[in-house]
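Everything below concerns the one structure shown next.
Computed from the coordinates by the stated procedures, all read-outs in this text should not be read as laboratory data. None of the values given here were measured: they were computed from a predicted structure. Positions of Cβ are generated from backbone atoms using ideal geometry, with glycine treated the same way; all protein chains shown enter the neighbour counts.
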Amino acid sequence: MPDPPAFPVAVELAAACIDGTHTDVAVLGFSNCVVVLATQLASVACLVHAVTSRLADAADHAADPQRLADCLAADAPVDLRFLLGNPAASAASSLYQILATTVAQRKLHASPADTRPVILGIGLRLPRPYNLPAADGHDSAADLPALSPTITALAELVDKCRVW
């Protein structure tokens with residue numbers, strides 16, 4: 001007898017040490033969206049809504065495997081919108097935007113037929129060495145190349161929790 005579907009939603013949990021800090025991830029698969037919660041603070045600092053723009057393109061090419069592969073091989077544009085939190089006031093906004101884009105693109109590549117948007121709740125510590133002054137003197141820009149390992153580690157942790 002097959003297992004009954006998860007009720008009320010599919011939930012996957014994971015934890016790891018990222019940049020020396022305990023990190024928890026929960027991924028919830030609702031019928032209309034996928035919610036990803038990633039925190040090192042035991043709370044969520046902002047919510048980001050991410051929708052991949054190539055979902056329609058992938059569906060149009062589903063009958064032609066080569067065109068579908070070509071469509072999915074390129075990174076899909078992702079429309080982002082902050083639902084909660086002020087990205088202009090956060091030094092971590094670049095990290096949050098890149099992480100949301102990466103998770104949405106990985107979801108699309110893993111499951112092209114899944115058209116649900118991703119809502120990413122994020123609360124991460126941004127180590128001081130990553131937080132560098134911007135060219136205009138404001139301390140609001142992050143050293144993006146230095147953040148690459150953090151983004152990759154977080155995205156891989158989310159991948160372990162797939163509900164799509």
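Each label was represented as a point 7 Å from its Cα along the Cα-to-Cβ direction; for D79 and S31 these points are 2.3 nm apart. A protection proxy built from the mean count of other Cβ atoms within 10 Å ranks the segments 112-121, 26-35, 79-88, most packed first, as 112-121, 26-35, 79-88. Computed from the C-beta positions of A153 and A113 and an R0 of 22 Å, the FRET efficiency is 0.20 to the nearest 0.05. Extension gain for A16 to R162 (0.36 nm times residue separation, less C-alpha to C-alpha distance): 51.0 nm.
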